[in-house]
Every structure is written in structure tokens, then in C-alpha cells.
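Note sheet for the following structure.
The values are calculated or read from the model by the stated rules, or taken from the named source; none is laboratory data. All of these numbers come straight from a predicted model, not from anything done at the bench. With ideal geometry, Cβ positions are generated from the backbone for all residues, glycine too; neighbour counts draw on all protein chains shown. We work out accessible area using only protein heavy atoms, side chains counted, and drop any ligands, DNA or RNA first. Shrake-Rupley method; radii C 1.70, N 1.55, O 1.52, S 1.80 Å.
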Amino acid sequence: MRKIIVAICITGLLVLQADRLHAQGAKKIPLLTADSLASGNYKDVLTSFFQLAFDKLTGSQKELRFNSNPYAIMLRGNPELAVDTSYTRLKGWRNLNFGFGLKLDTNYHFNGFSSGVSYALINKRDYSVYHEFINAVLAGNGEYATLQTLISTVTRTIENQAFRDKFRDETHKLLSNSGLTYDKLSPDVRQVVDSIITNNQLKGIASALKNNSKLNVYNLAFKNYDSVKKYFQNRLLWTVSVNDTTYKDQFMFSNVVLSTRVLKGIVNPNRRSNLEIDFSASLNFLDDTARKGRDLKRNVLRVEPGLNWVLKEKANQQSLVEFKISGEYRHISGTLYKNESRDQFMFNGSFRIRIIQDIWIPLDFKYDPKKGNVFGFLSVKANFNGLKKS
């Protein structure tokens with residue numbers, strides 16, 4: 001069994017490295033996408049592409065698990081599905097997650113299979129399918145689009161061929177990701193651009209240039225575009241899930257869990273640190289070992305409200321460190337075991353750090369205030385991005 005686990009882990013890391021080498025070879029400008037901006041906590045709730053996880057490495061009930069969604073699988077087989085029309089049409093498949101795993105005991109012996117499905121009933125973080133996102137970008141970048149059109153019109157009216165070529169070349173660089181700033185324009189070119197901005201009352205661009213003459217107009221528009229993307233990362237996500245686990249000696253359910261989870265950001269997403277509400281509730285159907293035979297007569301209701309703090313990298317706004325703290329209430333329906341309470345309150349925490357681009361190390365802990373016990377679990381999670389080639 002240990003050899004199987006090692007083989008699966010190595011395979012996953014090789015796939016990760018292959019994708020990374022391809023991305024390095026492309027050397028494209030890094031773009032902020034919904035997946036790159038998502039917190040590690042979010043990716044545990046709804047996986048955008050692929051996730052390979054080894055949960056509770058230090059616990060008695062370990063699990064090696066793979067999560068994905070149908071769209072990610074279809075995209076691997078048909079890259080043309082990344083086209084905008086297909087991407088929008090398959091929104092339902094992208095909101096559906098499925099997963100399966102191997103349960104292991106303390107000695108890494110097989111202890112049953114696990115599987116599950118979840119669906120996002122509300123996913124307002126997926127900005128790519130919302131007209132509201134387009135309208136918000138256009139509202140902030142309307143003047144940029146207007147300036148592009150006016151410059152193109154003026155270029156065609158310039159009679160002097162040499163100046164026309166010069167004007168076209170410099171304004172193209174100003175409006176693209178070339179790094180050319182406004183103060184580096186030739187005086188005669190800048191004079192024409194100044195008149196276009198003034199005569200057409202492009203007050204937003206005029207104000208930005210007044211405050212910073214070393215401005216690349218493209219960067220001004222791109223900053224607004226990313227600002228709108230970040231805003232969408234604070235919006236509501238609500239999922240429902242069904243998960244199950246089998247016995248190790250036969251394919252029969254020993255545990256079935258119905259659950260729901262809600263995420264909602266509550267702090268300005270443009271800041272380096274952010275807070276998000278994380279609320280979950282579940283109903284667990286377990287085998288009651290006090291009864292003869294195997295059944296699902298033991299029920300455990302669990303409610304866990306919490307807050308997740310996210311610290312992001314300054315350069316690319318990707319989550320770097322996260323810390324979640326929550327309270328947990330459990331109610332057991334059915335036979336109580338020895339030294340067990342009908343109702344139980346606990347405090348939970350999760351410290352998560354991204355050690356490289358796609359690899360996360362979460363440390364989860366639980367504290368029982370009644371008994372004074374503290375439990376800790378170490379995990380490793382790899383999130384694979386399926387759109388690096390697109």
C-alpha cells in the first residue's frame with residue numbers, strides 16, 4: 001500500500017512539473033484569473049481544476065484524495081472547450097465537483113474507499129460568466145476605449161507620412177503593455193494627445209496624468225480590470241455536498257455525510273490581507289457500533305461558523321498564508337458511547353501556507369475546552385491549474 005501511495009504522489013508531482021515547465025517556456029505576461037486569485041480555503045470548497053491531497057498525515061485516519069470537475073476533465077481531452085462560447089455554456093459542469101480517495105489507518109493499511117460530489121448553488125465569484133463584470137470593467141475603462149478610438153481616427157487624418165508613422169508608433173506603445181510612459185512621448189505627439197483628451201473631456205485620464213506624468217495608459221486600464229476581478233473574489237459562494245466512506249472489507253457505506261458551506265469576503269479585496277466568512281453545516285450518518293450488524297443509525301449534526309484570514313503576495317495578489325478560526329457545535333442522535341456527551345462544543349483552527357506555486361501545507365487543530373484536549377493534523381495539497389496553455 002505504501003508503494004501505491006508513493007507512486008500516486010510522484011505521478012502528481014511530475015504532472016505539476018510538466019505544466020510548470022510549459023508555462024515557463026511560454027513566458028507570457030502573468031494575468032490575474034479567478035483561479036489564481038482564489039484562496040486555498042476556497043479551493044478546498046470548490047476545486048477549479050484538479051486537487052491532489054494527502055489529508056491528516058499525522059492522524060489515525062489518513063486519506064489520499066483526488067478532486068476535480070467534469071469541465072476540467074473535458075478540457076484536458078479537448079482544449080477547444082476553453083473558447084468563450086463553450087466556457088460559458090459549460091458553466092454547470094464547472095460548478096460541479098467530484099472526488100474519490102483511499103482511507104488509511106495509522107500503519108498506512110487500506111481502510112476503505114471514499115467518494116463525493118458537490119455543487120455550487122450560488123457561485124458569484126465566477127466573474128467570467130457575469131454581464132455585471134463586463135459592465136463594471138467598461139464603466140471603469142470607458143475612457144480608455146474612447147481614447148483608443150479617437151487616436152485611431154486622428155491617425156488616419158494626419159497627412160504628413162513621417163509624423164503619422166511616428167504618432168501611430170508612440171501612441172500604440174502608450175496604449176499597450178510596452179512600458180512607454182506619457183512623459184516619454186515626443187513633444188509634438190504629446191500635444192496632439194493632450195488636445196484629444198481635453199477636447200473630448202476624458203476627465204478620468206486627465207486627472208490620472210495630472211497626478212502622475214510617468215503613466216502608461218494601458219496600465220491604468222489594466223489596474224481597473226484587475227480591481228474588478230479582485231472584487232468578485234469577495235462575493236458569495238454556496239455549495240452543497242454528499243460524501244461517503246465504505247468499509248475496508250466490503251463495498252458498503254459506513255459513513256454518509258450531507259453538508260453545505262458558505263464563503264463570503266468581508267474586507268476590501270484590493271488590500272494585501274482579507275477576511276472571509278466560512279460557515280458550514282453537516283449531518284453525518286454513521287454505523288452505530290453499539291448495535292449488531294452494520295447500519296447508519298447513528299447521526300451527528302455539526303455546525304461550524306468561522307473566519308478565514310488571508311495574506312496575499314504584493315506582486316501578484318495570490319494567497320500566501322491563511323489562518324482560519326472557528327467554533328464547532330456537535331449534537332449526537334442515537335446511542336451515546338462511554339464518556340461521550342450528547343452535545344459538544346469545540347474550537348477549531350487551520351494554518352495554511354503556500355510553499356510553492358501549487359503546493360499548500362495546511363495544519364488543522366481542534367481544541368476540546370471541556371476535556372482540555374488538543375488534536376493536530378498535518379496535510380499536503382496540490383492544486384493544478386488547467387488553463388496554463390489557454
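Counting Lys and Arg as +1 and Asp and Glu as -1, what is the net charge of the other residues whose Cβ lies under 9 Å from the Cβ of Leu180? Spell out each step's value before the answer.
On the way: positive: Lys173, Lys184; negative: Glu170.
Net of charged neighbours comes to +1.
Using only the alpha carbons of segment 206-285, what is the convex hull's orientation-averaged projected area in square nanometres?
It is 8.8 nm².
Could you please report the charge total around Asp249, scoring K, R as +1 and D, E as -1 over all other residues with beta-carbon less than 15 angstrom from its beta-carbon?
On the way: positive: Lys103, Lys248, Arg294; negative: Asp105, Asp287.
Once all neighbours under 15 Å are counted, the net charge is +1.
Of the accessible area of segment 258-367, with the probe set at 1.4 angstrom, what percent is carbon plus sulfur? Don't jump to the answer; show the numbers that get you there.
Working: 3650 of 5900 Å².
Within segment 258-367, the accessible surface is 62 percent carbon and sulfur.
Which net charge results when you count Lys and Arg as +1 and Asp and Glu as -1 among the other residues whose beta-carbon is under 15 Å from that of Lys324?
Working: positive: Lys43, Arg261, Lys264, Arg352, Arg354, Lys366, Lys381; negative: Asp44, Glu276, Asp278, Glu304, Glu322, Glu328, Asp364.
It works out to a net charge of 0.
With every protein chain present, what is the per residue accessible area of segment 248-353 (1.4 Å probe, Å²)?
Ligands and nucleic acids excluded, the figure is 56 Å² per residue.
Over all directions, average the projected area of the Cα convex hull of segment 326-378 and note it in nm². Don't skip to the answer; put the middle values down first.
On the way: hull surface 19.3 nm².
Mean shadow area of the hull around the Cα atoms is 4.8 nm².
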